[in-house]
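What follows is one structure encoded as structure tokens, with my remarks underneath.
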Amino acid sequence: MATLLLKRLTLHTVKTGNNCIRCPGTYTLHQTAPARPSLRASGPRLSCPIHAKAFGTVADTQDERKKKKKNEPALSNIGRKIHERVIHVLDEAGNDLGNMHRADVIRLMNERDLRLVTRDSGAEPPQYQLLTGAQIHEERLRLRELGKAHPKPGPTLTKELTFSSNIGRHDLDTKSKQIQQWIEKKYRVQITIKKGKNVEPENKMEEICNQILQTMPGIATFSTRPQPVRGGKAVMCVLRHLSKKEENAYRETQGAQKEDPLNKENGNNRESDVVHP
């Protein structure tokens, strides 16, 4: 009997396959299939790039303040956006109110209907002033007129002129007039005189530079005196406009030269009036 039961159990196992083995009784054992190998090749996992903003520093904050100050117009009203907790405040009459908390400053602005403008953002704490709208308008007009009266000097531009030492008299006069026009517009003029084909004195190119300068008395002077360039095949010089101090000195010299002949004439007249025994 036991042999017959074992044969049936074996046949049932063959029919159901290798997935499970049913044993007599209440227990059933399941055979787990082996895991399939992954088709994806194993390799080091690439890390995802992480974009993070660098931590701010005190220097970064100061740089941002400077950039903001450059972009802001003169006497700009900052409104109620006070970034600092404590600031130094002046009132509309220029009186020093000392250091104040920004909440107190905003309350004062609301009570008096005032605006807050920056006076010195580089101070510690930063200095601000309370002004009325009319005061801000008047101050902007004053600064605008002051800027027109004293404009900021721009970069000095340089004009270049090159010609031969064989230049004719008429052409030289034309170029001298052109140079004078540039000088009067505050340009620097770089003049390069090339040595001519004919045999000439070595100092002829320097003489031409001096001749050009002599046509502009009281207007121009040498910024760079004549000097040989290109291995001695040319001479280069730079002319510039006289400064205010140099113009005043030139006028004083011219005035003194005019007075000398008059003094000599007066001295001769006095000598002729003297009666000799």
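So that you can scan it fast, the table gives a plain yes or no per residue for (1) exposed (fewer than 11 other Cβ atoms within 10 Å of the Cβ); (2) in contact with a helix residue (DSSP H, G or I) (Cβ under 8 Å, 6 or more places away or on another chain); (3) in a strand (DSSP E or B):
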residue: Gly79; (1), (2), (3): yes, no, no
residue: Leu97; (1), (2), (3): no, no, yes
residue: Arg107; (1), (2), (3): no, no, no
residue: Glu111; (1), (2), (3): yes, no, no
residue: Thr118; (1), (2), (3): no, yes, yes
residue: Pro125; (1), (2), (3): no, no, no
residue: Gln129; (1), (2), (3): no, no, yes
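Among residues of segment 206-230 being open to solvent by 60 Å² or more (accessible area, probe 1.4 Å) and under 38 Å from the mean Cα position of the chain (by Cα), the one that is nearest to Lys159 (Cα to Cα) is Arg225. Here Arg188 meets the list (1) over 24 Å from Pro228 (Cα atoms); (2) at pLDDT 85 or above almost entirely, failing just condition (1).
The values are calculated or read from the model by the stated rules, or taken from the named source; none is laboratory data. These numbers were taken from a predicted model, which means no experiment stands behind them. Reconstructed Cβ throughout: ideal geometry from the backbone, glycine too, with neighbour counts over all protein chains shown. Side chains are part of the model used for accessible areas, which takes the heavy atoms of the whole protein and leaves out ligands, DNA and RNA. Shrake-Rupley method; radii C 1.70, N 1.55, O 1.52, S 1.80 Å.
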